[in-house]
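Below you'll find the structure, written out as structure tokens, and then a few comments.
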Amino acid sequence: MTSPDAPDVPGLAALHARLPSPVREVVDGRFERRGVRLLLKRDDLIHPELIGNKWRKLAPNLAAAAGRTVVTFGGAYSNHLRATAAAGRLLGIPTVGVIRGDELAGRPLNPSLARCAADGMRLHFVDRATYRRKSEPRALAGILRAADAEEAYVVPEGGSNAEAVRGCRALGAELRDRADVVAVACGTGGTLAGLAAGLAPGQRALGVPVLKGGFLTAETEALQRQAFGGPRGTWSLDDRFHFGGYARVPDELDAFAADFERRHGLPVERLYVAKLLYGLIALAGEGAFPCGTTVAAVVTGRPFP
Ligand SMILES: *Cc1c(COP(=O)(O)O)cnc(C)c1O
């Protein structure tokens, strides 16, 4: 039997994904003094290799791929590429990664791409101009031809399409009646779009974009339209905590994350999770959460390597 929340992929059940993922309360004075409870939704513990929201987004796509080669896109440090490569190895599905930047071809692979290659992902490097046009049908067809992957199942950059967004509803559903506010760091907005749709009425989702640009409201709305035909749930974004943009980790943020790790024994992934936690503490300090609020922070991943 196939359902969006339990996709039928041969070998999937044998991976023993830890779902629902655990929820743990942490006591932190910066919330406590405001009368706010903080829960950590540990999606980083779903699977040792298929971590967090990447797993929730990939699983329904692997079902849709039905055994075909999976081709997807990313930069040289993409968490999504690593998750796709790991899924390919664990499930015996061939994968192709289209990598932004042909200047990387022929050079020693960085640790992230080396992991992808070791997991059996075939890497295909394209120049940045071509990469930018990959959502245009003609450009995409050209890339797939050059990568010898014309019959492949295409998952977009970052893994967010309608299947992925529907897969993330379960994250919201697992937190029904557990929290008033559920907060998540956002790249494409796909996880937020699905999470918001899965929450109960009266709960709200809060997204913290890690990219600069302020385009994510429109993108998240578009993803909800693709996945559900229209808006779902109550959600908003707070654009103040990107620290200069994607993969920017200034010393202040790094020190904050190291301190959070010491206090709570949680490995804090720097590109997304650190910005989320920093934002939540800033919001608590501003009095943005009324006394008595329970906030759940989704720990979407863990540090690499
Ligand atoms: C990819 C990723 C995100 C962002 O997910 P989107 O659905 O693209 O918004 C958040 N956290 C971590 C750790 C990620 O790897």
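Only Cα pairs under 8 Å and 6+ residues apart enter the sum, and on that basis the relative contact order of the stretch 69-151 stands at 31 percent. Cα convex hull, the chain: 131 Å³ per residue, rounded to a whole number.
Net charge of the neighbourhood of Phe215, taken over other residues with C-beta under 13 Å away and scored Lys/Arg +1, Asp/Glu -1, is -2. Accessible-area rank, largest first, for Ser236, Ser160: Ser236, Ser160, with all protein chains present and a 1.4 angstrom probe. Helical runs (DSSP H, four residues minimum) scored at -39500 (n - 2.57) apiece and divided by the length of the chain put the mean residue ellipticity at 222 nm at -11000 deg cm²/dmol. Seen from Lys134, the other residues with C-beta closer than 10 Å to its C-beta sum to a net charge of +1, counting Lys and Arg as +1 and Asp and Glu as -1. Counting Lys and Arg as +1 and Asp and Glu as -1 over every other residue whose Cβ lies under 15 Å from the Cβ of Pro48, the net charge comes to +2.
Taking the average, over residues, of other Cβ atoms within 10 Å as the packing measure, peptides 286-296, 37-47 rank 37-47, 286-296 from highest down. Taking amide hydrogens as placed 1.01 Å from N in the peptide plane, the amide H of Gly233 sits under 5 Å from that of no residue at least 5 positions away in sequence or on another chain.
Placing dummy labels 7 Å off each Cα toward the beta-carbon, the span from Glu151 to Arg68 is 1.0 nm. Rolling a 1.4 angstrom probe over the chain with all protein chains present gives an accessible area of which 51% lies on carbon and sulfur atoms.
The mean accessible area for residues of the stretch 137-286, using a 1.4 Å probe and ignoring ligands and nucleic acids, is 42 Å² per residue. Distance between the C-alpha centers of the stretch 209-277 and the stretch 49-70? Whole Å please. The distance from the Cα centre of the stretch 209-277 to that of the stretch 49-70 comes to 22 Å. Screening the chain for DSSP H helices whose Cα atoms reach 15 Å or more along their own axis and whose mean Kyte hydropathy is at least 0.5 gives 273-285. Over the C-alpha trace of the stretch 69-151, radius of gyration and Dmax come out as 11.9, 33 angstrom. Stretching the chain fully between Ala247 and Asp259 yields a gain of 2.4 nm (0.36 nm per residue, less the alpha carbon separation). Scoring 12-22, 199-209 by mean Cβ neighbours within 10 Å over their residues and listing the highest first yields 199-209, 12-22.
The values are calculated or read from the model by the stated rules, or taken from the named source; none is laboratory data. Quick caveat: nothing in here was measured; it's all calculated off a predicted structure. For neighbour counting, all protein chains shown are included, and Cβ atoms are generated from backbone atoms with ideal geometry for every residue, glycine included. Please note that ligands, DNA and RNA were not included when accessible areas were found on the heavy atoms of the full protein model with its side chains. Shrake-Rupley method; radii C 1.70, N 1.55, O 1.52, S 1.80 Å.
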